[in-house]
1. Given the criteria in contact with an Asp or Glu (Cβ under 7 Å, 6 or more places away or on another chain), in contact (Cβ under 8 Å) with a residue 24 or more places away in the chain and open to solvent by 10 Å² or more (accessible area, probe 1.4 Å), does Ser65 qualify?
2. Tell me yes or no: at least one residue of segment 44-59 is open to solvent by less than 30 Å² (accessible area, probe 1.4 Å), in a loop (DSSP other than H, G, I, E, B), closer than 15 Å to Gly131 by Cα and without any contact (Cβ under 8 Å) to a residue 60 or more places away in the chain.
3. All but one of (1) out of contact with any strand residue (DSSP E or B) (no Cβ under 7 Å at 6 or more places or on another chain); (2) assigned to a strand (DSSP E or B) hold for Leu109; which doesn't?
4. Quick one: which residue in Ile155, Ile176, Ile124 is more than 19 Å from Ala71 (Cβ to Cβ), among the β-branched types (Val, Ile, Thr) and part of a strand (DSSP E or B)?
5. Go through segment 224-248 and report how many residues are within 29 Å of the chain's Cα centre (by Cα) and part of a strand (DSSP E or B).
6. Kindly indicate which of Pro181, Pro144 is open to solvent by 60 Å² or more (accessible area, probe 1.4 Å) and not charged (D, E, K, R).
7. So, Tyr105, is that one open to solvent by 30 Å² or more (accessible area, probe 1.4 Å) and of a type in the set (Phe, Trp, Tyr) or not?
8. Of everything in segment 112-121, what is surrounded by 19 or more Cβ atoms within 10 Å (Cβ to Cβ) and either among the charged types (D, E, K, R) or not in a strand (DSSP E or B) (or both)? Give them in sequence order.
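The values are calculated or read from the model by the stated rules, or taken from the named source; none is laboratory data. Predicted, not measured: the structure shown is a model, and the values here were computed from it. Ideal geometry is used to build each Cβ from the backbone, glycine not excepted, and the neighbour counts take in all protein chains shown. Side chains are part of the model used for accessible areas, which takes the heavy atoms of the whole protein and leaves out ligands, DNA and RNA. Shrake-Rupley method; radii C 1.70, N 1.55, O 1.52, S 1.80 Å.
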Amino acid sequence: GTTLYGMTAYGGYTDVGVVFKFDMGGGGIELLHEFTAGTTDGAYPYGTLVLSGTTLFGMTGSGGSYYKGTAFRIETNGSGYLRLHNFGAAGDGAYPQSQGALVLYGTALYGMTGSGGASDLGTIFKLETDGSSFGLLHEFSGEPNDGSWPYGSLILSGTTLYGMARNGGNLNCGTIFRIQPDGSGYELLHEFAGGADDGHYPYYGSLACSGTTLYGMTLYGGDSNDGVVFSLELPTVTVTAPNGGESWTAGTEQEITWTSTGAVGPVDILYSYDDGASWPAIVSYTENDGSFLWTVPDA
């Protein structure tokens, strides 16, 4: 409507931040919550709020039971403030202060922490909106095939989450990754290399998605090493034959064809003879050349 909601990292009764609303129609500003720090509340909120109906969700970079940040909810009228999670326990993420906003999908919130996890290099987490369940979907390792110290927000496109890590990858210049909301399918889509032809350190901000293309920025890289704006085509595969209605005779050789966009490597081809209940492989890890000859089984 005509109301803005936000947070400040300082201010309020104990100068550790507030949640506020601002009426653009002339009603001015109103504080919805004044953080108090300590173990009973959060402190120093960063990033942005997420609105679902009349409920706001956000994170703080400090405070909570372990002084390593919290996730919270509050109603738009200032009632119902509730800490949903205290970050920092053993095996948990910590310090979500620079990780932007939470992402709401179904009945769960998704976000990242800048440290914590098995290697203390950051995590991706899932949190139910009522606080009833919390779990880590990924713990960054800093290995060449992984990222470390994620920054910005996750974004949701379709049913897939995308994000960036400041470091990690083969040259430790940062990565772009994707992961499914159930924690499966974690994959690097790009490993930044720096230099004149690539970005280096996606340190601030988040990705944006339009169609099948991701857009973002890095702090360094490019001709002057002062950062780049980049696009990345998402990997997609589309089966072109068979595409419905064919009748293939058992024992005959038929051609399966497909097209792909983005960085798609070898592919698996699977089929089902029981209306999708199971999917045996026709071939695994075959070259992504758009064609495969298949001898149709008697099934």
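1. So Ser65 does not fit the description; no.
2. Within segment 44-59 (the criterion being open to solvent by less than 30 Å² (accessible area, probe 1.4 Å), in a loop (DSSP other than H, G, I, E, B), closer than 15 Å to Gly131 by Cα and without any contact (Cβ under 8 Å) to a residue 60 or more places away in the chain), the answer is no, since none of the residues qualifies.
3. (1)
4. Details: Ile155 fails: more than 19 Å from Ala71 (Cβ to Cβ); Ile124 fails: more than 19 Å from Ala71 (Cβ to Cβ).
Answer to the selection: Ile176.
5. 10
6. One residue alone meets the criteria, Pro144.
7. yes
8. Those that are surrounded by 19 or more Cβ atoms within 10 Å (Cβ to Cβ) and either among the charged types (D, E, K, R) or not in a strand (DSSP E or B) (or both): Gly114, Gly117, Leu121.
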